[in-house]
Every structure is written in structure tokens, then in C-alpha cells.
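Just below is one structure, and these are the notes that go with it.
The values are calculated or read from the model by the stated rules, or taken from the named source; none is laboratory data. These figures come from a predicted structure and were not determined experimentally. Heads up, the Cβs are rebuilt from the backbone with ideal geometry, glycines too, and the neighbour counts pull from every protein chain shown. Just so you know, the surface numbers come from the protein's heavy atoms only, side chains and all, with ligands and any DNA or RNA stripped out. Shrake-Rupley method; radii C 1.70, N 1.55, O 1.52, S 1.80 Å.
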Amino acid sequence: MSRTGRTAGPRSQEWVRLQRKIFSRWVKQKLLRTRPEIQVNDVVDDYKDGVMLLNLIEVLSESKFEGKYNQRPKMSVHRIDNLNNALKFAWSKGVDMKVKPSAEQLEKGDQKAALALTWGIMMKFIKIDDGSGGEALNAKDALMMWCKNKTAGYKGVEITDFKKSFADGYALCAIIHKHRPKLIDLSSLDPNDPIKNLQIAQDAAEKYFGLEKYITPDEIRKLDENSMVVYVSEYYYGIAEQRKLDLAARRIKKLIVLTKENDRLKTEYNKTAKNFKDTLKRVEVVLEDRTIDNTMAGAKLRLEKFYEYKTKEKSSLISDQLDLESNYNNLAMRLAHHKRPEFKPEKGCSLKEVAQDMLHLEECEQERKVALHAELNRQLKLVNLATQHESRFNKLSDYFNEKQAYLNLREEIDSVSAAHFQLRLLDRYQKENETMIKTGVANLKSLSAELKQEKYEYQAHIEDHDKDIDAKFKKLDELARIKKPILDDHLKREEFIVKVRQMNDEHKDKYNKLVKWFQIKNAYLLIKEEIDSVTLASKNLNIFGSYVKEYEKYKDYDLVEFIKLGKEILAQEYKTEHSHYVYDITEYQGKSFNQNRFADITNRHDDMDAKFKQLSELANEKKGYLDEQLRLETKKEELRLEFANLISEFTAYVKLEIENASLREFGFTLEEVEAYKKVIDETDKQVLGNASKMKESCEKVKVEMDEYKVTNNPYTGLTIKDSATSFQTLQDALSERTKAYEAELKRQRENDELCKKFAQLADPFSKWITEQKDQITASKESLEVQLAFVDKCISSLSTEQAKLQPLKDLQEKMDKAGIQNNRHTTLTLKDLLVQWGQYENFLKRKKKMLEEEIEHQKLRGITAEQMQEIEENFKQFDFDNSGTIDRKELTACLYSLGEERTPKEINKIMEEYGDGKDISYERFKDFMIVLFGDTDTKDEIINSFILINRGHKVAKKDLMELVMDDQDIEYILKTAPQVDEGYNYHAWTEEVFSR
């Protein structure tokens with residue numbers, strides 16, 4: 001009978017029976033967790049004494065009843081008293097009903113009152129409320145949302161209510177399949193056989209979370225809305241409980257994935273580190289190669305390839321090093337986050353050791369760069385030396401051509417004086433040639449020796465020049481040796497001719513002028529000739545000698561001697577390999593002697609004897625005069641020749657030194673140019689000293705020539721004025737060289753100042769980049785602090801890059817000035833540009849690495865799919881699109897995820913992650929990461945194995961297959977020690993946690 005007195009129909013009675021059964025199970029499940037001693041069989045009967053009701057409200061409200069009640073009531077009054085206390089306790093905890101049951105109704109077992117009270121309790125404690133007393137999301141709607149969330153996307157499942165939507169079994173099967181796909185084969189479901197479908201769902205639920213089949217599939221189809229809500233909540237709670245197994249499986253899975261990934265990362269790190277170190281060694285071998293090909297092109301090419309390496313390969317190496325560091329840090333963070341032992345890379349593979357290797361590589365680079373620039377500078381210097389060599393070679397070649405033409409010349413010589421003159425010219429040439437060998441050729445050979453020592457690339461060309469000069473001067477020696485005997489022969493021949501002619505003159509005088517001989521000789525002896533040359537003096541002396549001879553011969557007037565003289569004259573002949581001379585015989589053909597006149601000649605003898613005596617006296621006087629004139633002319637000739645030699649030597653010396661002064665090679669570097677000042681001072685002093693002495697010698701001889709009244713000089717066209725002009729020209733040349741030196745010194749100092757300014761900017765800039773990189777690399781700050789610093793560095797890149805512009809301007813000036821070497825720094829603009837590019841890439845790579853590490857750290861083991869689920873759930877339950885969720889929305893969200901929380905737990909979450917009223921998405925994400933982030937201590941892993949294996953001390957394959965993935969099971973079977981009954985998960989866990 002119903003309370004209205006009407007008899008309930010069979011259908012009504014059936015659903016009431018099912019509802020009573022369902023409600024009773026719900027109450028039993030709630031008490032079973034914490035009050036297993038409270039027996040619940042039927043809520044209508046078990047409410048009667050009030051004890052079970054009081055315990056139920058205490059458990060659900062999580063608060064203790066402060067009053068006293070009878071725990072074993074025997075009498076009706078005691079039971080009613082307990083029930084009144086229980087109802088008051090329930091009302092005080094927010095259980096609200098439009099029609100509240102009385103204690104008496106419950107004590108008498110009023111079914112309707114008992115079921116209504118149970119539903120009211122359900123609505124209170126399954127209700128999702130924010131605690132503000134406002135509108136709440138009831139359990140039915142929340143459960144409906146959870147079911148929709150879990151079955152979304154399943155074909156044939158559309159949940160709109162808790163009656164028809166669950167009648168065919170598809171919805172319940174989909175809910176289980178969502179969590180355990182292996183338990184239900186969706187293709188086996190039959191839309192025409194709901195009983196079978198429900199049976200499949202019940203079988204799966206029993207296997208999955210142990211839900212006994214306390215109602216049949218047919219009874220399920222008969223459940224009303226409220227009963228179905230309670231029944232479906234069994235799935236919710238069962239799945240929620242099953243989450244413990246899922247959590248256990250996830251913990252083990254995460255551990256396996258973590259371990260496998262850690263092992264892979266360790267292996268990969270060691271492999272990558274070794275490959276990286278091998279690459280560094282290969283690069284170092286190339287960098288440490290100091291082989292040079294002794295060419296300018298080779299030096300430039302090697303330097304170009306070095307900077308190409310710095311731009312490309314070195315940047316790649318830096319990127320590889322950052323990747324290695326990122327991999328290590330990621331691994332270290334993973335190990336630390338999961339409380340694993342610190343990873344110790346293989347010997348030589350630690351970040352510190354890799355950094356040291358990288359530092360050594362950079363030292364090799366620096367040494368390589370210095371060596372390459374030094375080689376380029378050496379090649380530039382060699383080109384400069386080769387240019388000097390070429391200039392000196394050309395001048396020596398010009399000298400050779402001039403002297404070869406002179407030595408090949410065969411002069412027309414027709415006098416003794418001309419022969420003497422040419423011999424003196426040859427002697428002057430030989431002295432000049434000796435000077436040229438000691439200076440010009442020696443300087444050439446000195447340059448050649450330096451070029452050879454430095455292995456100049458065109459050394460063969462230099463050697464060819466040297467050989468050519470050697471051959472030329474050898475040729476000059478040969479030509480001089482040939483010319484000397486020819487000139488000697490000229491002199492002897494001319495002297496012979498003079499002798500023959502003197503004999504002939506004597507003979508002719510005797511023959512043709514015998515009669516007038518005395519008169520002529522007398523007049524001759526009285527003459528004082530004007531003599532102004534040695535030649536003339538010699539000639540007069542020769543004439544006088546002829547006179548003496550003539551006198552002696554005529555004194556005796558020996559016809560035989562006269563004839564003998566004629567024959568002797570006719571017999572005279574000069575013949576050498578160089579020349580041949582025979583006196584023209586016609587000169588000697590005269591009239592025949594008249595032998596009849598011999599007596600006349602004898603008679604004339606006495607008269608002639610007196611005359612000869614007179615002539616003898618006059619001859620003695622004339623001989624003294626002529627000897628003095630010869631001495632004077634000889635002295636003049638000596639002075640002329642000495643002056644010619646001195647001024648010629650002086651002029652050649654000045655010419656050579658002027659040429660040397662015109663070379664203007666003061667040095668390649670500022671140090672060399674500054675050091676050259678001493679060379680110039682010493683050289684100028686020595687050159688001017690030598691030239692001054694030579695000039696003074698010329699002037700001294702000129703004074704003596706003036707004393708002897710020497711006005712002409714056939715041996716040279718140079719005068720003392722020319723020596724003064726040459727000396728002044730030399731002084732001017734040396735002065736110009738000094739000016740050129742001072743200009744070069746000024747240029748070098750200005751260039752050096754440019755270099756110094758460049759170095760003053762370049763070195764600190766390079767050092768700053770290095771220090772920035774070192775500071776970032778060595779930082780032990782948190783990842784966030786490191787990223788903030790890197791971002792700050794990136795934001796200031798344009799500001800810092802502007803510091804390159806002054807360096808570019810200076811480099812442009814240095815290029816215009818032709819500066820090739822900077823003694824103040826080893827850095828070039830190209831070095832800085834390469835270093836800056838590497839710094840920019842370093843910051844970008846470091847930023848990306850830190851962002852990835854921070855994101856990985858924030859996830860704390862959460863997968864990308866779980867993160868997406870968190871975001872989707874937040875958006876789904878942010879009903880008002882405010883960007884925050886409140887208590888009600890949070891409770892509904894957790895409920896839909898299978899997380900049922902008490903009001904106290906909700907309040908704690910709201911306080912910890914929000915402001916007590918709302919939680920932002922970022923804080924909601926933090927909470928969900930904590931919620932989803934499985935702990936992975938050894939004890940929890942052991943407990944997970946115990947839970948999955950239902951208390952067994954070993955892992956069993958069949959039990960693991962219920963909750964674990966095949967690949968995880970396979971990994972355990974391969975790596976865990978096998979025992980008789982299964983696999984030793986204790987030893988496996990210890991071993992896994994040890995690495």
C-alpha cells in the first residue's frame with residue numbers, strides 16, 4: 001500500500017524495489033570505505049535505529065556528531081531519539097527536503113520516507129556546490145556531463161537523459177571502452193540485442209573495477225531516472241577507483257618510458273659528445289697544420305678558408321656544443337626531477353671537458369690566425385724585397401750594358417799619349433767595377449739571400465737574375481782582360497813607332513841637311529821652346545836626344561855608322577798578336593852616297609869639331625831646360641790623371657748613393673721604421689763623410705793643378721764645380737730621403753694610431769662577447785632567470801651591434817691606408833663580424849634551449865595530450881567565458897574527469913591556486929599538472945606493482961595485461977629478474993632507480 005492508500009501496481013513496485021536496492025548499495029559503498037563495520041543491507045530497515053544514518057552523515061559531511069546517541073538501541077524510544085539526532089545532524093549539514101521525514105516514520109520502516117531521505121542525502125553530498133548558497137549544479141547534470149565527455153565521438157551513442165540513452169547498453173560500453181579498450185569489442189555490440197549489450201557492459205565493469213552484477217540487464221532497462229543516476233554513478237565511482245590502478249599503471253609506464261628515454265639520452269649524449277670531440281680533433285689537426293706553400297696566393301687563400309671555417313663550420317660547432325649542453329641539461333633535469341642519480345658521462349665527455357676541448361680549439365684558432373696573418377705579412381714583405389731586387393737588377397743591367405759597350409769599343413790610337421789615356425780610363429773602370437761589386441752586387445746578393453732564406457715563391461726568378469748578373473760581371477771581367485793587352489800593345493806599338501821615326505829623322509837630317517847642319521843645330525840650341533804638356537816635353541827631349549846622337553855621330557862623321565843607321569832603320573819591324581807595323585820603305589830610299597866626297601867630309605871634321613864643341617856647350621844648357629819642362633809636364637799629367645780618377649770615383653760614389661737614397665725602403669712595420677732612423681743617421685753620416693773626404697781630395701788636387709797652371713784635362717770633362725754640384729745633389733737626395741723617412745714615419749705612426757684605436761675598441765668588444773657567452777654558459781641561476789638574462793641580451797643586440805660601426809669606420813680608414821698588420825691586436829674586423837654572428841646564433845639557440853627546458857620543467861611529466869585535455873576542460877567549464885573558473889565550475893570539471901572532491905578539498909584548492917573565489921587558467925594548469933603528475937618514488941612504484949598484481953610479491957603477466965600496455969609488459973619481462981612464479985619487481989625497481 002502506498003501512503004495515499006492506493007495499491008501500487010506491479011510496474012511501480014518493481015522500480016521501487018530496484019530503487020531501494022540501488023540506494024542501499026550506494027549507502028553501503030559510502031560507508032564501506034571508512035566504516036566497514038557498519039553493515040548495510042537495506043536502507044529502509046537499516047535506518048530504523050538511527051545508528052547507520054548518523055554514521056552516514058558523519059562520513060559524507062566529514063564531521064563528527066558532537067552529541068550522544070545510543071549505539072545499541074533496544075527500545076523504540078532509544079531508536080527514535082537516535083533518529084531525531086541523526087535528522088537534526090543531517091539538516092545542520094545542509095540536507096534539504098521539501099517534505100522532511102520524521103523519526104517515527106523511519107523507525108517504523110516507512111519506505112517512501114527512507115528512500116526520499118536517501119535521495120535528499122544524495123542530492124546534498126553528490127551535489128556540486130561552491131559553498132555560497134547559490135544555484136548549484138546537481139549530481140544528475142554533472143554525471144550527465146561526465147558521461148557525455150567520456151562517450152563523445154562514439155558512433156551510436158547520444159546521451160540526452162538517464163533512461164532511454166542507457167537502455168541499449170551502448171553508452172555503458174562506450175564509457176568502459178574509453179578507459180579500457182581491450183575489455184570491449186565494439187564490433188560485437190548488437191543494436192537489436194540490448195540485453196546482450198548490457199551483459200557485455202556488466203561483464204566488463206566487473207573485470208574493470210569489480211562491480212558485481214547486483215542487478216540484471218533486464219532490471220537495468222527498468223530503472224527510473226533517479227535509480228539510473230545512482231547506477232551510472234557506480235560506473236563513475238568504479239572508474240574513479242580504477243584510476244588507482246590506472247595511476248599505478250601510468251606510474252610504471254612513466255617509469256619505463258623515463259628509464260628508456262634516460263638510457264637513450266645517456267647513450268645519445270655519450271655518442272654525440274664523442275663524435276663532437278672527434279670533430280674537434282679533426283679540425284684541430286687542420287688548424288695546427290703550419291704547412292705553407294710560400295706563395296702570396298696561397299697565404300691569401302688559406303686566410304680566406306680560415307674565415308670561411310669561422311663563419312660556417314665554427315658556427316655549426318658552437319650550435320652542436322649548445323645542442324650537447326641542452327641534451328645534458330635536459331637529461332640532468334629529468335634525472336633530478338625524478339630523483340635519479342646524477343648522470344656521469346663517459347671519460348672525456350662531460351660538459352666541462354667538452355668546454356675545455358672547445359677552449360683548446362679556440363686557442364688553436366687564435367694560433368692559426370696569428371700564423372696565417374704572419375705568413376701574409378711575410379709574403380708582403382717578400383714582395384717588397386723582390387721589388388727592391390728587381391730595381392737593383394735593372395740598374396746593374398744598365399751598368400753592364402754601358403760598360404760592355406765601353407769594353408767592346410776598339411779605340412783608334414795614334415799616339416803614346418792617347419794609349420796612356422785609354423789605359424788610365426781602363427784602370428778607372430776597374431776601380432769603379434770593384435766598387436760596384438762591393439756595393440751594388442753585394443746589395444743584390446744580400447736581398448737574394450734573404451729571399452732564399454724565406455723561401456720566396458719566385459726564388460727561381462731571383463736566382464736567374466743573380467746568375468744573369470754574375471754572368472754579366474764575369475763577362476765584363478773577360479772583356480777587361482781582353483781590352484788590357486790590346487791597350488798595352490797600342491802603347492808599345494806607338495812607342496816603337498816613335499823610336500823608328502826618331503831614327504828616320506836622324507838619318508834624314510844627316511843625309512839631307514849635312515851642309516846646313518851646324519847652322520840649324522846652332523839655331524836650334526839657342527831656342528827656348530814653349531812647352532805645355534808632357535807629350536810636348538817628351539817630344540823636345542826626344543828631338544834633343546836625336547841632336548845629341550846626331551852630334552856624336554857627326555863628331556866622328558863615320559860613314560860606316562851612317563850607313564849602318566840607314567840599314568838599321570830599314571830593318572825595324574813591329575809585330576804582335578794585336579798589331580803589325582813596318583816603316584814605309586820609301587821613307588828610307590835616298591840618293592846614293594858619293595864616295596868621292598868622303599875627303600870633304602874628313603876635311604870638314606876639324607871645323608865641325610870646333611862647332612861640335614860649341615854645340616856641346618849649348619846642348620848642356622838646353623838639356624837642363626828641357627828636363628825641367630819634362631818634370632813640370634809630367635807632374636801636370638799626373639795631377640790631371642789623379643784628378644780625373646778622384647772626381648770619377650767621387651761622381652760614381654755619389655751616383656750610387658743617390659740611387660740608394662731613392663729606394664726609400666724604411667721598413668715594413670712601425671718598429672722597423674722607427675729602428676731605421678739609426679740606420680739613416682749612421683748611413684747619412686758615413687755617406688756624407690766619405691763623399692766629403694772624396695770631394696776634399698778632388699779640391700786638394702785642383703789647388704795643386706792651379707799652382708801648376710793646369711787648365712785643360714783630356715782625361716775627364718768633370719770640373720771641381722761639378723763635384724760641388726754632385727755633393728749638393730747628394731745632400732739634397734739624402735735630405736729628400738730623410739723627408740721621405742719622416743713622412744713614412746708619420747704615416748706609420750698615424751697608421752699605428754688607427755691600429756691602436758681599433759684595438760682599443762676591438763679587444764674590449766671581443767672580450768665582452770666572450771664574457772657574455774661565458775656568463776650565460778656558466779650560470780647556475782634558475783632557468784627563468786637565465787632566460788630573462790638571455791632575453792635582455794637579445795633585446796640589446798641592436799645597441800651592442802652599433803659598437804661595430806666605429807670599428808667598421810676605422811677598418812675602412814685602415815684599408816685606405818693600406819694597413820695589413822696590426823701589432824696592437826690579433827683581431828680584424830672580419831674576426832669581430834664572425835664572432836658577433838656566432839654570438840647572435842648562440843643567444844638564439846640558448847633562448848630556444850632554455851624555453852624548451854622551462855616548458856619541460858613546467859610539465860613535470862605531463863604529456864602534450866594531457867596538456868591539451870587540461871586546456872579543453874578549462875574552456876568547457878568556464879561557462880561564463882570569464883577566463884577563470886569558480887568553485888562550482890571547478891567541482892563540475894573535476895567530477896567530469898573522475899575526480900570527486902569534498903567541499904573542504906575544493907576550498908583548499910581554491911585558496912591554494914586562486915584567490916578563494918576564482919582560479920585563472922595558468923593556476924588551473926598548475927593544479928592539473930600537480931594532479932596529473934604522477935609521483936614516482938620507489939615505494940610508490942612497488943605499491944603500484946602490488947596493486948596491479950593484487951598483493952602478489954611478484955609481477956604476473958596475466959594481471960599486468962589487465963591494466964598495462966603490451967610494450968610496457970614486454971619491457972618488464974625482458975629486464976626484470978625472472979622467478980618461479982613471475983618476475984621480481986622489487987629487484988627491477990631498485991635497479992631502475994639506480995640509474
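Carbon and sulfur together cover what percent of the accessible area of the stretch 264-353 at a 1.4 Å probe radius?
Working: 2630 of 4960 Å².
C and S fraction of accessible area: 53 percent.
Give, in nm to one decimal, the length gained when the segment between residue 681 and residue 261 is fully stretched (0.36 nm per residue of separation minus the Cα-Cα distance).
Working: separation 420, 0.36 × 420 = 151.20 nm, distance 7.85 nm.
Full extension of this stretch gives 143.3 nm more.
Evaluate E = 1/(1 + (r/R0)^6) for residue 434 and residue 688, where r is the Cβ-Cβ distance and R0 equals 25 Å; express this FRET efficiency to the nearest 0.05. Write down the numbers at each step before the final one.
Numbers: r = 22 Å, r/R0 = 0.89.
Plugging the Cβ-Cβ distance into 1/(1 + (r/R0)^6) gives 0.65.
Across 5 Å bins from 0, what is the distribution of all Cα-Cα pair distances for the stretch 262-351, in whole percents?
In order of increasing distance, the bins hold 3, 12, 19, 17, 13, 10, 8, 7, 5, 3, 2, 1, 0 percent.
Within the stretch 813-836, which residues have the backbone N less than 17 Å from the label spot 7 Å out from residue 672 along Cα→beta-carbon, could you tell me?
818-824
Just to be sure I understand the curve: with the Debye formula and one point per C-alpha of the stretch 726-820, what is log10 I(q)/I(0) at q = 0.21 Å⁻¹?
The Cα Debye sum returns log10 ratios of -1.02.
Using the beta-carbon distance between residue 224 and residue 784 and R0 = 45 Å, what value does 1/(1 + (r/R0)^6) give for FRET efficiency, to the nearest 0.05? Numbers along the way, then the final one.
On the way: r = 56 Å, r/R0 = 1.25.
After rounding to 0.05, the efficiency reads 0.20.
Quick check: pseudo-label points 7 Å beyond the Cα along Cα→Cβ at residue 792 and residue 902, how many nm apart are they?
The two pseudo-label positions are separated by 4.8 nm.
Is the shape of the stretch 307-361 rounded, prolate or oblate, going by the alpha carbon gyration tensor and its root eigenvalues a ≥ b ≥ c, with a/c under 1.5 for rounded and a/b larger than b/c for prolate?
Values: a/c = 4.88, a/b = 2.14, b/c = 2.28.
In terms of gyration-tensor shape, oblate.
Rounded to the nearest 0.05, what FRET efficiency do residue 359 and residue 394 give with R0 = 35 Å and r taken as the Cβ-Cβ distance? Could you check?
On the way: r = 53 Å, r/R0 = 1.51.
Efficiency computed from Cβ-Cβ geometry: 0.10.
Using a simple charge model, +1 on the beta-carbon of Lys and Arg, -1 on the beta-carbon of Asp and Glu, nothing else, what dipole does the chain show about its Cα centre, in debye to the nearest 20? Provide the component values of the computation, followed by the final result.
Working: 167 positive and 178 negative charges, 631 e Å.
Computed charge dipole of the chain: roughly 3040 debye.
When the solvent-accessible surface of protein heavy atoms is calculated with a 1.4 angstrom probe, in what order do 846, 956, 467 fall, highest first? Let's see the in-between values first.
Working: 846 0, 956 45, 467 130 Å².
Output order, biggest surface exposure first: 467, 956, 846.
With a cut-off of 12 Å, note down the residues of the stretch 708-742 whose backbone N falls inside the zone around a label point 7 Å from the Cα of residue 528 toward its beta carbon.
none
Run the numbers for residue 552 and residue 190: contour at 0.36 nm per residue of separation, minus the present Cα-Cα distance, in nm.
Details: separation 362, 0.36 × 362 = 130.32 nm, distance 17.56 nm.
Taking residue 552 through residue 190 to full extension adds about 112.8 nm, to one decimal.
Calculate the spin-label point distance for residue 579 paired with residue 339, positioning each point 7 Å from the Cα along the beta-carbon direction, and give it in nanometres.
Once both label points are built, they end up 12.5 nm from each other.
Rounded if a/c is under 1.5, else prolate if a/b is larger than b/c, else oblate: which is the stretch 216-314, with a ≥ b ≥ c the root eigenvalues of its Cα gyration tensor?
Working: a/c = 10.16, a/b = 4.53, b/c = 2.24.
Since a/c reaches 1.5 and a/b is larger than b/c, the shape of the stretch 216-314 is classed as prolate.
Give me the mean projected area, in nm² to one decimal, of the convex hull enclosing the Cα positions of the stretch 424-494. Show your work: numbers first, answer last.
Details: hull surface 19.8 nm².
If I average the Cα hull's projected area over directions, I get 4.9 nm².
Once a ≥ b ≥ c are taken as the square roots of the eigenvalues of the Cα gyration tensor of the chain, is the result rounded (a/c under 1.5), prolate (a/b larger than b/c) or oblate (a/b not larger than b/c)? Intermediate values should be presented prior to the final figure.
Working: a/c = 7.57, a/b = 5.31, b/c = 1.42.
The shape class here is prolate.
Can you tell me what the convex hull of the Cα atoms of the stretch 313-430 projects to on average, as an area in nm²? The partial results should precede the final answer.
Values: hull surface 52.3 nm².
For the stretch 313-430, the mean projected area of the Cα convex hull comes to 13.1 nm².
Could you sort 820-829, 247-256 so that the peptide with the highest average Cβ count within 10 Å comes first and the rest follow in order?
Working: 820-829: 16.7, 247-256: 21.0.
Those peptides, ordered most packed to least, come out 247-256, 820-829.
Give me a comma-separated list of calculated 3J(HN,Hα) values for the stretch 389-398, in order, Karplus coefficients 6.51, -1.76, 1.60 applied at θ = phi - 60°, integers in Hz, x for any Gly or Pro.
Ordered by residue, 3J(HN,Hα) equals 4, 5, 4, 5, 4, 5, 5, 5, 5, 4 Hz.
Over the chain, average the accessible area per residue using a 1.4 Å probe and give it in Å², no decimals. Numbers along the way, then the final one.
Details: 52510 Å² over 995 residues.
Roughly 53 Å² per residue, with all protein chains present.
Using the basic label-point model (7 angstrom from Cα toward the beta carbon), what is the residue 71 to residue 994 distance in nanometres?
Spacing of the two 7 Å Cα→Cβ label points: 5.0 nm.
Taking the Cα of residue 805, stepping 7 Å toward and past its beta carbon, and measuring to each backbone N in the stretch 743-768: which are under 20 Å?
Flagged as within label range: 757-766.
Could you estimate the translational diffusion coefficient of the stretch 349-407 from the Stokes-Einstein equation, with Rh from the Kirkwood formula over C-alpha pairs, at 10 °C and 1.306 mPa s, in whole µm²/s?
On the way: Rh = 15.6 Å.
Once the numbers are plugged in, D ends up at 102 µm²/s.
Express in nm, to one decimal, how much length is gained between residue 96 and residue 742 on full extension, taking 0.36 nm for each residue of separation and deducting their alpha carbon distance.
Details: separation 646, 0.36 × 646 = 232.56 nm, distance 11.07 nm.
221.5 nm is the gain from fully extending residue 96 to residue 742.
What order do you get for 615-626, 339-350 when each peptide is scored by the mean count of other beta carbon atoms within 10 Å, highest first? The partial results should precede the final answer.
Values: 615-626: 15.8, 339-350: 13.5.
Packing proxy ranking, top to bottom: 615-626, 339-350.
From the backbone phi of the stretch 297-314, what are the Karplus-calculated ³J(HN,Hα) couplings (6.51 cos²θ - 1.76 cosθ + 1.60, θ = phi - 60°) in whole Hz, Gly and Pro given as x?
3J(HN,Hα) across the stretch 297-314, in whole Hz: 4, x, 5, 5, 5, 5, 5, 5, 5, 4, 6, 5, 4, 4, 6, 9, 5, 5.
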